[in-house]
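Just below is one structure, and these are the notes that go with it.
The values are calculated or read from the model by the stated rules, or taken from the named source; none is laboratory data. Quantities reported herein were computed from a predicted structural model and do not represent experimental measurements. Because the Cβ atoms are built from the backbone with ideal geometry, glycine has one as well, and the counts that use them run over all protein chains shown. Surface accessibility is based on the protein's heavy atoms, side chains included, excluding ligands, DNA and RNA. Shrake-Rupley method; radii C 1.70, N 1.55, O 1.52, S 1.80 Å.
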Amino acid sequence: QGGEELVRELEKNLAEAVESQRASARHDIRASVDVEPASLSMRDGSRLRGVTGDVSAGGCLLLLGRPLMVGDVYRLVFDRAELDVAPAYALCGRARQVQPDAFEMGCRFLESVTLPSAPPTEKGGLL
């Protein structure tokens, strides 16, 4: 096998390994979310508004106009009309810039959340 073929095989195996280690399945759900620091000493009334890219019982992917600090804990408040999930605390595990004014963050919930079993509304919802 050539070097490029080996790299492609390694990428495929890595993606499969990561997916198999997930504790819960991801669902492509777009819902509005407000994000604020979890620490009471850091709460100054400012919130970031963004959307989810996907959600699972163990965490979510957030799309925001500013990055979150990796390693910090945040309080996530979902628009209950779009995603009926109670506010949750989550640890920001990764962040990357996807466009000049858009950032993607992977967050892990500190406690599992219960996702609604009913189909989501048209405004929020599954893709």
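Keeping to region 28-60, report how many residues are among the acidic types (Asp, Glu), part of a strand (DSSP E or B) and more than 18 Å from ASP72 (Cβ to Cβ). Even if it seems obvious, please write down each step before you answer.
First pass over region 28-60, keeping only residues among the acidic types (Asp, Glu): 28, 34, 36, 44, 54.
The next check asks that each one be part of a strand (DSSP E or B); those that pass are 34, 36, 54.
Of the ones still in play, those that are also more than 18 Å from ASP72 (Cβ to Cβ) are 54.
The total comes to 1.
Yes or no, residue by residue, for (1) crowded, with 17+ Cβ neighbours inside 10 Å; (2) assigned to a loop (DSSP other than H, G, I, E, B); (3) not acidic (Asp, Glu):
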{"site": "LEU62", "(1), (2), (3)": "yes, no, yes"}
{"site": "LEU68", "(1), (2), (3)": "yes, yes, yes"}
{"site": "ARG75", "(1), (2), (3)": "no, no, yes"}
{"site": "LEU83", "(1), (2), (3)": "yes, yes, yes"}
{"site": "ALA86", "(1), (2), (3)": "no, yes, yes"}
{"site": "GLN97", "(1), (2), (3)": "no, no, yes"}
*Out of region 16-47, which residues are aliphatic (A, V, I, L, M), modelled with pLDDT under 75 and open to solvent by less than 60 Å² (accessible area, probe 1.4 Å)?*
ALA17
*Hey, among the residues in region 47-94 that are in contact with a Cys (Cβ under 7 Å, 6 or more places away or on another chain) and of a type in the set (Ser, Thr, Tyr), which one's farthest from ASP28 (Cα to Cα)?*
TYR74
